[in-house]
1. Considering only the range B:15-38, state which residues are buried (at least 17 other Cβ atoms within 10 Å of the Cβ) and aliphatic (A, V, I, L, M).
2. Specify the residue that is modelled with the lowest pLDDT; the eligible residues are those in the range B:1-14 that are open to solvent by less than 50 Å² (accessible area, probe 1.4 Å) and in a helix (DSSP H, G or I).
3. Yes or no: B:Arg224 out of contact with any strand residue (DSSP E or B) (no Cβ under 8 Å at 6 or more places or on another chain), part of a helix (DSSP H, G or I), modelled with pLDDT under 95 and basic (Lys, Arg)?
4. So in the range B:87-97, with the set limited to residues that are without any contact (Cβ under 8 Å) to a residue 40 or more places away in the chain and part of a strand (DSSP E or B), which one is farthest from B:Lys13 (Cα to Cα)?
5. Please tell me if B:Arg54 is over 21 Å from the mean Cα position of the chain (by Cα), surrounded by fewer than 17 Cβ atoms within 10 Å (Cβ to Cβ) and away from chain A (no Cβ under 14 Å).
6. Report whether or not B:Ser42 is surrounded by 15 or more Cβ atoms within 10 Å (Cβ to Cβ), touching a residue at least 24 places away in the same chain (Cβ under 8 Å), more than 14 Å from every other protein chain (Cβ to nearest Cβ) and among the hydroxyl-bearing types (Ser, Thr, Tyr).
7. Of the numbered conditions (1) open to solvent by less than 10 Å² (accessible area, probe 1.4 Å); (2) touching a Leu at 6+ places or on another chain (Cβ under 8 Å); (3) without any contact (Cβ under 8 Å) to a residue 60 or more places away in the chain, B:Tyr100 fails exactly one; give the number of that condition.
8. When the range B:300-320 is examined, which residues are found to be open to solvent by less than 30 Å² (accessible area, probe 1.4 Å) and part of a helix (DSSP H, G or I)?
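The values are calculated or read from the model by the stated rules, or taken from the named source; none is laboratory data. Remember, predicted model here, so these are calculated numbers, not experimental data. As a convention, Cβ positions derive from the backbone with ideal geometry for all residues, glycine included, and neighbour counts pool all protein chains shown. All accessible areas refer to the heavy atoms of the entire protein, side chains included, with ligands and DNA or RNA removed. Shrake-Rupley method; radii C 1.70, N 1.55, O 1.52, S 1.80 Å.
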Amino acid sequence: MHRILDILSSGIHDAKNQLFLAESLIAQAEAEHGLKLDEARFAIEHAASRLSRLLTAYKLQRKVGSLSIDMVSVPDLLEEAALISASHCTHLGLRLNTESPQGLGWLLDRELLLDILTNAIQNACRYARSQITLSATADEKGLTLKVEDDGPGYSEPDVETMTGNGVGLFVAAEIARMHKSGARHGKLALANGGRHGGAVFELFLP
Amino acid sequence: MNDRSQELYRNLKFLVIDDQPNARQSLRICAQTMGAFAVEFSSGYQDAIVRIRRSTPDVILCDYLLGNDRSGQQLLEELRRYELLPDETVFMMVTAEQSYEQVVAAVELVPDDYIIKPFSPDRLKFRLDRALQRKRFFRPLYQAKRNADFDSAERFVAAHRNSEAGQPYRFELLRQNAELQLAKGDPVAAQTAFDEILGLHPFPWARAGKAKSLQRQNRFQEARTIVEEVIESSPMYFDAFDLKTRICMDMGDYEEAQRTVQDISARTGRNYVRKRLLADAALLNGDAETARSTMEDVLQNDIVHGEPSISDRLMLVRSHLDSGDSFAAELALRKISAQSLETATLDEKTSHLALRAILSPDEARARFGALRQSIETAGLGATAQVDVIRAALILDEQELATRVTAALFSSDEIRRVFKQVRTLFESHGLESVFRDLQKQAALQKIRQAPRS
């Protein structure tokens, strides 16, 4: 089983290296010829994160996934997640806002959370009419990260049903659950309504 | 990207380290898109060290895999341990490996940040901006640490634990404080500081830090228990194996020390710092053959620093001696040039003389005798002291051997070399002399202990 995992990991590793070269060449062409090829770069990064997510999902399914917890700046996390999708949102004519308490730090797995938030924002991009808000709030119980849009909302705002439909939500639900503090663990919730009246993707981390 | 940040990046010196030409090209494009002007390249480990020595970069972008059985992590450790890289330089690890996070969680010396490929120049800039901001904030602390000015360093940490400017760095300040207490030599305060961090999350590095604090308080068994738990739960945390080795050496458990470092050394390839530790442990454990083959490997292959150091050469001489190969020991000793001895430390000079005396007693007797006075007053380290004891016993200078051993007994250093020294006395039929020294030291301790 670990052999298969090694083969998958190294294949994905090589593919991502090549995608990085492609993205850099595009960046160079942009700089040299004054082009704007944001969507091409976005497609490359999108493909790369899908590959990583598949690998994460495989590890979770095989129960060999683990977290790397560190103290992470929450405003930076949100700002970076927004940065990854910024040009794509602009391209679609969508406003992407972030809201987070200044100076807030949290113990979490930065790379996995970035991937989960990026995926949630990109899902929101497909349905939002004009805006998406990425927000963080914290109290003594935990940290709540939300991605809200003004689209038509989830057809079925139920985590159990929805996680069967895609790798992204499956990974989000599992990774949230793996974040623990004492006896409490994180969770994923989906709802309709929220501040923009559309879909609400909500991650709670203790 | 706005003009001001372009201006900032234009003035920074970049070094891109990657063994793959395509990847170097990609990183160069990224750096130039951010506005960088001075971008130097390096194709691998040794070349990178040469370049960094020649001119210190402000930002290093280093791929995790450097080919030739070398990693960016090894490079980082080498640079930090030999103080080739100031704290002010940003070391950014670049990798396509998603699981690199696990690597970072399992090392003591971490890069300033890392980024997983592929990424846009914007994102690299986002992370570099933050790393540079953090460096600016901590600059006074770095300076104080470099000057071993612990008071200033502590004042900096205390001033910012609740300051607004320090808010984003509160956790980093906790870690800096804990490490500062260790560096300052206050292991009790260090233990408290690591406990505060462990109250948040059981980070392996903080548990190892606590073990180190206990070790420095001579609470070896507790330290060993914690470090063994770290090894059990984070088997990728290689530094914990080194720490366990040192604790076992302190406890006189040479066998377990050697076994621990030998296992991990076999898994970490060309980590020569670790190989030196293996040679130390093996020699203490009486496995001179392993010590000698390990030191031969170090001298032959760790060529990053140019000529092998005197301390490495001396270690090889000791290993040959313990293997009973005085011919090889003699050859190895002759490789130490008179010129290099001029800049050697007092410990090295003393060891050199002692080993010379052991190999050719008649020739060296006079010079060795002349050193008698300085040997007593110099405050030598344990290794040099053991060399002197050994030479003194061979030259029939029993009184000198006894005095140096008594000095060893009065310090904590005896723990690590106790069995070694006892064996030396035994091999000259002087068991009773050694036992007397041990008794006197014990009595001395009892007399010095505070009355309850």
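1. If the condition is that a residue be buried (at least 17 other Cβ atoms within 10 Å of the Cβ) and aliphatic (A, V, I, L, M), then B:Leu15, B:Val16, B:Ile17, B:Ala23, B:Leu27, B:Ile29, B:Ala31, B:Met34, B:Ala36 are the ones that fit.
2. The qualifying residue modelled with the lowest pLDDT is B:Ser5.
3. no
4. B:Thr95
5. yes
6. Against the criterion (surrounded by 15 or more Cβ atoms within 10 Å (Cβ to Cβ), touching a residue at least 24 places away in the same chain (Cβ under 8 Å), more than 14 Å from every other protein chain (Cβ to nearest Cβ) and among the hydroxyl-bearing types (Ser, Thr, Tyr)), B:Ser42 qualifies.
7. B:Tyr100 satisfies all of (1) open to solvent by less than 10 Å² (accessible area, probe 1.4 Å); (2) touching a Leu at 6+ places or on another chain (Cβ under 8 Å); (3) without any contact (Cβ under 8 Å) to a residue 60 or more places away in the chain except (2).
8. Across the range B:300-320, the qualifying residues are B:Ile310, B:Asp312, B:Leu314, B:Met315, B:Leu316, B:Val317, B:Arg318, B:Ser319, B:His320.
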